[in-house]
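Visitor: Sharing a structure here in C-alpha cells format.
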Amino acid sequence: MAKPTKGKTPRRARRNISAGRAYVHASYNNTIVTITDLDGNSVAWSSGGTIGYKGSKKGTPYAAQLAAADAVKKAQQTFGMNIVDVIVRGTGSGREQAIRAIQASGIEVKSIMDDSPVPHNGCRPKKKHRA
C-alpha cells in the first residue's frame, strides 16, 4: 500500500519589527549583545564566544565589534529591524567598540544609555585591627 503524502504545512508568517533595543553587556571576560523588540522579547543575540573566540580573546574590543555586527545582521535579516535604542551595561573593554559596530552596520541608533549597576553602599569593610 502506498504511503499517504503529506500536504505542505503553511509557513510561519515573518514578523516585521521595525524598532527595538540593543543591550550590550560588557564584562572583562566577554561581551554579549542582545537585540530585543520594544516589549523586551529577545530577537537576536551574539557574543565573543559565538563568533568563535575562546579564553581571553572573547573580552577584546574586536570580538565585541564582531559580536555586535553579527547580532544586528541577524535582527535585520530575520525581522527587518532598522531603529534601535542602545543600552550598555558593564565596564569591559568592548563597550565603545560594540556601539560603534552597531552604528556602522546600517541600523539607526536613536539613543545610547548607560545602565551599569552601581553599588549603593559598597562592600562591608574589613574588621578593625586590634593592637
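Visitor: If we restrict to alpha carbons, what Rg and Dmax does the range 65-131 come to, in Å?
Guide: 18.7, 68
Visitor: Need the full-extension length gain, Thr9 to Val109, defined as separation in residues times 0.36 nm minus the C-alpha distance. One decimal, nm. All intermediate terms of the calculation are to be shown ahead of the outcome.
Guide: Details: separation 100, 0.36 × 100 = 36.00 nm, distance 3.80 nm.
Full-extension gain reported as 32.2 nm.
Visitor: Heavy-atom accessible area per residue, the range 51-103, 1.4 Å probe: how many Å²? If you can, show how the numbers build up before the last one.
Guide: Working: 2540 Å² over 53 residues.
Per residue, the range 51-103 has 48 Å² of solvent-accessible surface.
Visitor: Something else: Quote the relative contact order of the range 84-131 in percent (integer), defining contacts as alpha-carbon pairs under 8 Å separated by 6+ residues.
Guide: Working: 36 pairs, mean separation 23.8, N = 48.
The value is 50 percent.
Visitor: Figure the gain on full extension for Cys123 and Lys74 (residue separation times 0.36 nm, minus the Cα-Cα span) and round it to one decimal in nm. Display every interim value, and only then the final one.
Guide: Numbers: separation 49, 0.36 × 49 = 17.64 nm, distance 4.01 nm.
Taking Cys123 through Lys74 to full extension adds about 13.6 nm, to one decimal.
Visitor: Which of the trypsin sites (Lys or Arg not before Pro) across the range 52-128 are loop residues per DSSP, with 10 or fewer other Cβ within 10 Å? Before the final figure, lay out each step's value.
Guide: Working: sites: Lys54, Lys57, Lys58, Lys73, Lys74, Arg89, Arg95, Arg100, Lys110, Lys126, Lys127, Lys128; in loops: Lys54, Lys126, Lys127, Lys128.
Those that pass, being in a loop and sparsely packed, are Lys54, Lys126, Lys127, Lys128.
Visitor: Okay, moving on. Let's test this: bin the Cα-Cα distances of the chain at 5 Å from zero up to the farthest pair and state each bin's percent.
Guide: 2, 11, 18, 18, 13, 9, 6, 5, 5, 4, 3, 2, 1, 1, 0, 0, 0, 0, 0
Visitor: Which three semi-axes in whole Å describe the equivalent ellipsoid of the range 30-90, each the square root of 5 times a Cα gyration tensor eigenvalue, listed largest first? Walk me through the intermediate numbers first.
Guide: On the way: eigenvalues 91, 29, 16 Å².
Square roots of five times the eigenvalues give 21, 12, 9 Å.
Visitor: Oh, and also: When the dipole is taken about the Cα centre of the chain, and only Lys, Arg (+1) and Asp, Glu (-1) are charged at their Cβ, what size is it in debye, to the nearest 20? Before the final figure, lay out the partial values.
Guide: Numbers: 22 positive and 8 negative charges, 157 e Å.
Using Cβ point charges on Lys, Arg, Asp and Glu, the chain gives about 760 debye.
Visitor: How far, in nm, would the chain grow between Arg100 and Tyr62 when pulled straight, counting 0.36 nm per residue and subtracting the alpha carbon separation?
Guide: Numbers: separation 38, 0.36 × 38 = 13.68 nm, distance 1.11 nm.
So the chain would gain 12.6 nm between Arg100 and Tyr62.
The values are calculated or read from the model by the stated rules, or taken from the named source; none is laboratory data. Note that this is a predicted model, so its numbers are computed, not measured. Positions of Cβ are generated from backbone atoms using ideal geometry, with glycine treated the same way; all protein chains shown enter the neighbour counts. Only protein heavy atoms, including side chains, enter the accessible area calculation; ligands, DNA and RNA are left aside. Shrake-Rupley method; radii C 1.70, N 1.55, O 1.52, S 1.80 Å.
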